[in-house]
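Here's the structure we're looking at; comments come further down.
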Amino acid sequence: MQRASPICVPGDSTDPKTWERALTGRKADALITDPPYCLLTRRRKGGDLRDKKDKKIDRGPVRRFEDVREFRAFTRSWLSIAVQHVTPDAPLVIWMNLLGRDPLKAAAKELGWEHVRGEFVWGKRTREGNSGEEILRVVETALVFSRTPAPPPVFDAPAIPWAAVAGYDDDGEATRWGSHPNHKPFGVLEPLIRTWSKPAQLVMDPFAGSGSIPAAAQKLGRQVACVELEADWAERVTARLNIAQG
């Protein structure tokens, strides 16, 4: 039987109906996603935005929050829906900036995913010097949550990778698919997907962006379901997945 063409559903991930359209009655085996970070709106005393319009962080579909309280409410809103659409043993693998880690941990714990299995660090390469040394920035980590504690260590088992070093667009996929500000290269996503899901399992991404996570999961033999708020980006993700599948 021919596999149905994957579709990135355009919609709001804080709306339960969006999840129903994306998953069509299925439960995801893993949630791996890159939601809006805890980026706060900076205003002058008169209320005007401080950030210049030409800054990278303000180009494209980037959401800002008035304060951490608003971010907490947003996180609880979408995550409380997400846990209803994953299997009980599904890991929640969620990218976050440093400011948003504690609100995210609190929301996950409140919903029953109280065990933090670790934080996967992306050492983002920003500049290469003639000396051969690389300058790395750590502004994003992927937190891994589960409902049950980690099993006892097996000392002859392969180590779980908890860090990757890569530039923003080492594989050229960001440029090809619109240079989304939250793009993640395959080399950063591959360890997470291989570690926290299995081939043929269903990976759900409710904040698809340009499709970095679903495309990587599909490349590694997983089924994918995804949602993106911006309809034009959802169309790009659908095209990306279908080109890769074809």
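Every number here is computed from the coordinates shown, using simple stated rules; none is lab data. Worth saying up front: this structure is predicted, and the values here are computed from it rather than measured. Using ideal geometry, Cβ is built from the backbone for each residue, glycine included, and neighbour counts are taken over all protein chains shown.
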Residues listed by number, the range 190-217, amide nitrogen under 13 Å from residue 154 label point at 7 Å toward C-beta: none
Which whole-Hz couplings ³J(HN,Hα) result when phi for each residue of the range 19-34 is put into the Karplus expression 6.51 cos²θ - 1.76 cosθ + 1.60, θ = phi - 60°, listed in order with x for Gly and Pro? 5, 5, 5, 6, 9, 6, x, 8, 10, 6, 7, 7, 9, 10, 8, 10
Here the net charge surrounding residue 95, from other residues whose Cβ is less than 11 Å away from its Cβ (Lys, Arg +1; Asp, Glu -1), is -2
What list do you get for 110, 228, 173, 190 if you sort them by fewest beta carbons within 10 Å? 110, 190, 173, 228
What percent do you get for the relative contact order of the chain when only Cα pairs under 8 Å and 6+ apart count? 27 percent
Hits in the range 180-196: amide N under 14 Å from the 7 Å Cα→Cβ extension of residue 220, namely 184-196
Within a 10 angstrom radius of the beta carbon, how do 122, 177 rank from fewest other beta carbons to most? 177, 122
Convex hull projection area averaged over all views, the range 104-246, Cα basis, nm²: 10.8 nm²
Can you tell me the dipole magnitude for the chain around its Cα centre, using point charges on the Cβ only (Lys, Arg +1; Asp, Glu -1), in Debye to the nearest 20? 460 debye
Using modelled amide H (1.01 Å from N, peptide plane; none on Pro or chain starts), what sits under 5 Å from the amide H of residue 115, excluding residues fewer than 5 places away? 146
Please list 3J(HN,Hα) in residue order for the range 232-245, calculated via the Karplus relation 6.51 cos²θ - 1.76 cosθ + 1.60 where θ = phi - 60°; whole Hz, with x for glycine and proline. 5, 6, 4, 5, 4, 5, 4, 4, 4, 5, 6, 5, 5, 5
Counting trypsin sites (Lys or Arg not before Pro) as exposed when in a DSSP loop with at most 14 other beta carbons within 10 Å, what is the longest stretch of the chain free of them? 64-246
With residue 147 itself left out, Lys, Arg at +1 and Asp, Glu at -1 over residues whose Cβ is under 10 Å from its Cβ give -2
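Add -39500 (n - 2.57) for each DSSP H run of 4 or more in the chain, then divide by its residues: what number comes out at 222 nm, to the nearest 500 deg cm²/dmol? Don't skip to the end; give the middle numbers.
On the way: 7 runs with 71 residues, N = 246.
My calculation for the chain gives -8500 deg cm²/dmol from helical runs alone.
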Scattering profile of the chain at q = 0.10, 0.13, 0.16 Å⁻¹ [log10 I(q)/I(0), Debye over alpha-carbon scatterers]: -0.48, -0.82, -1.26
Could you identify which residue out of 108, 234, 164 has the top mean-square fluctuation in a GNM of the chain using Cα springs shorter than 10 Å? 164
Give me 180, 115, 85 ranked fewest to most by other Cβ atoms within 10 Å of their Cβ, as a rough exposure proxy. 115, 85, 180
